[in-house]
1. Give, rounded to the nearest 20 debye, the magnitude of the charge dipole that the chain has about its Cα centre when Lys and Arg contribute +1 at Cβ and Asp and Glu contribute -1 at Cβ.
2. What whole-number distance in Å separates the alpha-carbon centres of the range 222-251 and the range 11-54?
3. Count charges around A179 for me, please; just the other residues with Cβ under 11 Å from its Cβ, Lys/Arg as +1, Asp/Glu as -1.
4. Looking at the range 197-297, which trypsin sites (Lys or Arg not before Pro) are in a loop (DSSP not H, G, I, E or B) and have at most 14 other Cβ atoms within 10 Å?
5. Just to confirm the filter: which chymotrypsin sites (Phe, Trp or Tyr not before Pro) across the range 260-354 are DSSP coil and have at most 14 other Cβ within 10 angstrom of their Cβ?
6. Taking a temperature of 20 °C and a viscosity of 1.002 mPa s, what whole-number D in µm²/s does Stokes-Einstein yield for the range 5-52 with Rh from Kirkwood over alpha carbon pairs?
7. Amide H to amide H under 5 Å from G150: which residues, 5+ apart in sequence or cross-chain, H placed 1.01 Å off N in plane?
8. Just to be sure I understand the model, the point goes 7 Å from the Cα along the line to the Cβ. What's the resulting R343 to R131 distance in nm?
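Since every read-out is calculated from the coordinates, none of them should be taken as a lab result. These numbers were taken from a predicted model, which means no experiment stands behind them. As a convention, Cβ positions derive from the backbone with ideal geometry for all residues, glycine included, and neighbour counts pool all protein chains shown.
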Amino acid sequence: MKGMVLDAKWEPKPDYTVSEWEKKTGKAITGNAIWHNPTLEVKDWPDPTPGPKEVLLQIQACGVCGSDMHFYETDDQNYILYPGLTKFPTILGHEFSGKVKEVGKEVTQLKVGDMVTVEEMIWCGRCKPCRNGYPNHCTNLEEIGFTIPGAFANYIAVDEKFCWKIDAIAERFGSEEMAYAVGALTEPSCVAYNAMFTRAGGFKPGHYVNVVGAGPIGLASIGLAKAAGAGIIVAFEVSAQRRELAKAVGADFVYDPREVVGSEVMMDLSKGEGFDFHVEAAGVPELAIPEMEKALAINSKIVQIGRAAQRVPMYLESFQVRRAQAFGAQGHSGHENFPNVIRLVASGRLDLSPIITAHYDLAQTVDAIAKSVERTDGKIMVHPN
Ligand SMILES: [Zn+2]
Ligand SMILES: [Zn+2]
């Protein structure tokens, strides 16, 4: 089969101490400190064969994620920008859906022809965090498209326990093609759902919600806030195209954060009461959190989803006076996240289909990532088959 393979040289930066675990596993914990001179190319890769508990999926759609861009983009020494867990060479792509082509002997939940989307985090189920119910914090994690072959490819073999059926989405859209494309948005939507509802406990209908950043995760956050009955949704986003998408999925007010003072906007819109629920989905907490902090409603929550290796000044007196809380969240697995997001999409209450702004073939995957790097599109979809 063909797949879009990232290869890079294992050349740790001089100031980075490679751990024994990294040497043993060949996995970099801090990708940016180890992987040098990356190349991206669509090329031949061995066909996967499903193990006894696995299904073979023919991949129908795979979205380009911010982390894929951070493999394409490099720092001034030509190391990948992506800071996380990685092992190369491998096939990229982790937001996907596909059709079951073959099932292993011990597969019981799926059959040939089923339409599914898949978790990206291959949690072990055996480590202490997994056994305690926190799969997003698995200590033996493998990640599809980061440490093991991903879905910018014709096929993938994956344990059935990571698959979720999307037939209900096909019924809603009346088309398999749409179901696969929208189904591939489930993973990023679950990142937003996990942070806002599972981790931070959500908000009350009527509450005012602020979303900073309208990339795919921010757009999913806006859609979810609308589905959950937010009173007002305000979004801050630098790209004009993305501001339009934010409106299309439910934002009532959208602003370019370079042209306004976020806290003033929120205090105005709330007539001085402040906003109840704040989502950071831009990866610029050092800019976003101080504005949120000046617009905290009593009992408000701040949820950090964007990733940024940045310290952020926080004035905790505001959190005391406003009875506020801040939550950190990562991942998308467990906690009913996948089934509940699929239900919302199937019911029509969460419709993120407008955020898909471009479609590419597998052969053009590198171009698709290059286009994403412009950061004006919503979600770019690759259709490998
Ligand atoms: Zn992603
Ligand atoms: Zn685990």
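1. Working: 38 positive and 48 negative charges, 211 e Å.
So the magnitude is around 1020 debye.
2. 36 Å
3. Working: positive: K99, K165, R172; negative: D167, E171, E176, E177.
For residues surrounding A179, the net value is -1.
4. Numbers: sites: R199, K226, R242, R243, K247, R258, K271, K294; in loops: R258, K271, K294.
Answer in residue order: R258, K271.
5. On the way: sites: F275, F277, Y315, F319, F327; in loops: Y315.
Of the chymotrypsin sites (Phe, Trp or Tyr not before Pro), the ones in loops of the range 260-354 whose Cβ has at most 14 other Cβ atoms within 10 Å are Y315.
6. Working: Rh = 12.8 Å.
After rounding, the answer is 168 µm²/s.
7. Answer set, sorted by chain and number: I91, L92, G145.
8. 3.0 nm
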